[in-house]
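The values are calculated or read from the model by the stated rules, or taken from the named source; none is laboratory data. Since we're looking at a predicted model, the values are computed, not measured. Cβ atoms come from the backbone with ideal geometry, glycine included; neighbour counts cover every protein chain shown.
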Amino acid sequence: MVSERKKRAASKIEPRKKSRKNVGIKVKVKGKPAEKTAGQRMFAIILIMLPLVIGIMSATVAGSAMASFDALNRPPLMPSALTFIIIWTVLYILMGVALYLMYKKEFENRADCKMQVVEIIMFFVQLLFNYMWAILFFRLEARWFAFGWLVMMWMMVLTLVMMCAKNCKIAAWCLVPYVLWCAFAMYLNIMIAVLN
């Protein structure tokens with residue numbers, strides 16, 4: 001009799017224990033994000049500063065031809081040399097930020113990963129076009145050819161912005177000022193070609 005009572009008592013207690021376990025509140029503890037190593041920080045800085053360095057190299061190569069450029073007839077709305085320096089510096093840094101964001105973005109499927117590779121390749125192609133344009137326009141004085149070159153570069157940058165808008169909107173917005181400035185540069189390019 002005593003053993004039967006103990007069994008009955010145990011059978012009443014066990015479900016309660018189980019129910020307590022099932023009713024327990026689940027708390028998700030978010031772990032701290034992994035801290036960036038010094039190497040990762042340095043790589044990020046290199047990516048961000050890379051367009052600026054290439055821009056400085058391009059200006060240095062074309063710099064010896066600036067004297068003849070100063071003697072040309074200027075179109076309306078032509079910015080000063082200081083304005084050019086400030087605007088291009090900001091644009092190159094924004095381009096670097098966009099490049100870093102494109103590289104840093106993580107995707108779950110292969111299609112998006114392939115798109116990321118295409119975006120980065122297109123970025124470097126347009127950066128090469130940017131580098132060569134200054135040489136064509138200032139050093140070689142091929143104004144009309146430089147205009148056609150600039151149109152192709154502008155189309156590449158615009159395409160890059162539309163591609164980034166699908167996967168990395170912040171990168172796309174970083175490139176929008178660059179698209180607008182390239183459109184303005186096309187106006188300056190063609191007007192200088194016509195006036196001279």
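Quick look at the numbers
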{"read-out": "Single unsatisfied condition, residue 1 versus (1) of a type outside the set (Lys, Arg); (2) touching a helix residue (DSSP H, G or I) at 6+ places or on another chain (Cβ under 8 Å); (3) modelled with pLDDT under 85", "value": "(2)"}
{"read-out": "Which listed residue is in contact with a Lys or Arg (Cβ under 7 Å, 6 or more places away or on another chain), surrounded by fewer than 19 Cβ atoms within 10 Å (Cβ to Cβ), under 26 Å from residue 62 (Cα atoms) and without any contact (Cβ under 8 Å) to a residue 60 or more places away in the chain, from 81, 193, 183, 142", "value": "193"}
{"read-out": "Residue 141 being closer than 23 Å to residue 42 by Cα, at pLDDT below 90 and either outside any helix (DSSP H, G or I) or small (Gly, Ala, Ser) (or both)", "value": "no"}
{"read-out": "Among residues of region 158-180, those that are in contact (Cβ under 8 Å) with a residue 12 or more places away in the chain and within 15 Å of residue 90 (Cβ to Cβ), counted", "value": "6"}
{"read-out": "Residue that is surrounded by fewer than 17 Cβ atoms within 10 Å (Cβ to Cβ) and out of contact with any strand residue (DSSP E or B) (no Cβ under 6 Å at 6 or more places or on another chain), where the choices are 173, 133", "value": "173"}
{"read-out": "Test result for residue 94, in contact (Cβ under 8 Å) with a residue 40 or more places away in the chain and part of a helix (DSSP H, G or I)", "value": "yes"}
{"read-out": "Subset tally (residues that are of a type outside the set (Val, Ile, Thr), under 16 Å from residue 136 (Cα atoms) and surrounded by 12 or more Cβ atoms within 10 Å (Cβ to Cβ)) for region 41-71", "value": "9"}
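Listed here are the residues, each with its yes/no results for (1) touching a Phe, Trp or Tyr at 6+ places or on another chain (Cβ under 8 Å); (2) assigned to a helix (DSSP H, G or I); (3) farther than 22 Å from residue 45 by Cβ.
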residue: 100; (1), (2), (3): no, yes, no
residue: 120; (1), (2), (3): yes, yes, no
residue: 125; (1), (2), (3): no, yes, yes
residue: 149; (1), (2), (3): yes, yes, yes
residue: 174; (1), (2), (3): no, yes, no
residue: 188; (1), (2), (3): no, yes, yes
